[in-house]
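Peer 1: I have a structure I would like to understand better, so I am pasting it below and will then ask my questions one at a time.
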Amino acid sequence: MRSLLRHLRFLAAVQLLPALESGEETTLVGGQAVLEGVMMRSPHAWGICIRKPDGTLATHSAPLEKLSDKHPWMGWPFVRGIMTLGQAMTLGFRALRYSADVALEHLQPEKKEEKKTEISGWMIAVNLILSLGFFIFMYKFVPLLAATKLKNHYPAFGNQVLFNVVDGVIRIALFLLFIWGISLMADIRRVYQYHGAEHKTVFAFENNDPLTIKHAQAYQTFHPRCGTSFLMTVMLIAMLVYMLIPATTFWARFGFRLALLPVIAAVSYELIRFAAKHGSSLFAMLTKPGLWLQRITTQPPSDDQVETAIAALNEAMELEKQRGGELVIA
């Protein structure tokens, strides 16, 4: 029964992947909260640290291909967002699977062999497809259906702008309800705490502070490059874009929403990237709702959780140095 609950929480965490991962291929470090731990990545490596039930730490690191190094066109503006998001989701799932294996280890004491983090391509594909399907159903189909039903009962909602405002408000409300509701699960709330630990550690690194618990705990848990900010920006941009689409029937609107999904994601990525570098710009205001939303998806971490995040970053940095990388903040 406990094993089944762990698996269910793993599936719930998979749905949170876009909100928990914070990454941009050109940044020095980023990361993601997982079950009872943190994954950190540098440009050419990633490391993960999990707190076992007995209090000890399990760590792992592996090389990471930088997409734009291998294929320069993947670093082009608007293309890089889609490529980086795909890589981040794949890596995030691998890290989440590793954390689930470690968490389940004490329930299967007879299996002493080393846990492998490599998973088959079909398993990655199936889980990513399921996550994408959940996203499309919950945040594209359901809000559009609800807005259409309201329009049928109240003709005033037939106005193009008003219809898409209602559709967007329902979409955001569903998203808020999901991330708040899932936070009521004890395991997921701890994931949110590890999410805060990841952000604090990244802030300490970015400010050239020593990677210690004391220095990391001095920072806030809200980071502008967080996946939560990305998702909220996607939803706000989508609301504006859909107002420009002249479609009037349900299926035409739904078709455009699917077709424009990669375009909106690419534009949102560029806005988040720009806002992170120009905090006082007008575009930075668009990311503010995402920062506010991190009051749910990040929680103040304990010292043990920050220690775990620091260990994960040290794992990534050590392998980065072995591969010839230099992590120096200008």
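Peer 1: At 0.36 nm per residue, minus the direct Cα-Cα distance, what do Q220 and K149 gain on full extension? Give it in nm, one decimal, please. All intermediate terms of the calculation are to be shown ahead of the outcome.
Peer 2: Values: separation 71, 0.36 × 71 = 25.56 nm, distance 4.22 nm.
That pair, Q220 and K149, stretches by 21.3 nm at full extension.
Peer 1: Taking amide H positions as placed in the peptide plane 1.01 Å from N, state which residues far from V38 in sequence (5 or more) or on other chains have amide H under 5 Å from it.
Peer 2: Here C49 satisfy the definition.
Peer 1: Could you list M285, M138, M317, M232 in order of exposure, starting from the residue whose Cβ has the fewest other Cβ atoms within 10 Å? Each step should come with its number before you reach the end.
Peer 2: Numbers: M285 10, M138 16, M317 21, M232 26.
The fewest-first ordering by Cβ neighbours comes to M285, M138, M317, M232.
Peer 1: Points 7 angstrom from Cα along the Cβ direction at L240 and F256: gap in nanometres?
Peer 2: Here the answer is 1.7 nm between the modelled labels.
Peer 1: So between E318 and W180, what do we pick up on full extension, going 0.36 nm a residue minus the alpha carbon distance? Display every interim value, and only then the final one.
Peer 2: Details: separation 138, 0.36 × 138 = 49.68 nm, distance 3.62 nm.
Going from the current span to full extension adds 46.1 nm.
Peer 1: Counting every Cα pair in region 206-276, what percent are over 21 Å apart? Write out the running numbers ahead of the final one.
Peer 2: On the way: 1122 of 2485 pairs.
When all Cα pairs of region 206-276 are counted, 45 percent exceed 21 Å.
Values in this text are rule-based calculations from the coordinates and carry no lab data. These numbers come from a predicted model, not from an experiment. Ideal geometry is used to build each Cβ from the backbone, glycine not excepted, and the neighbour counts take in all protein chains shown.
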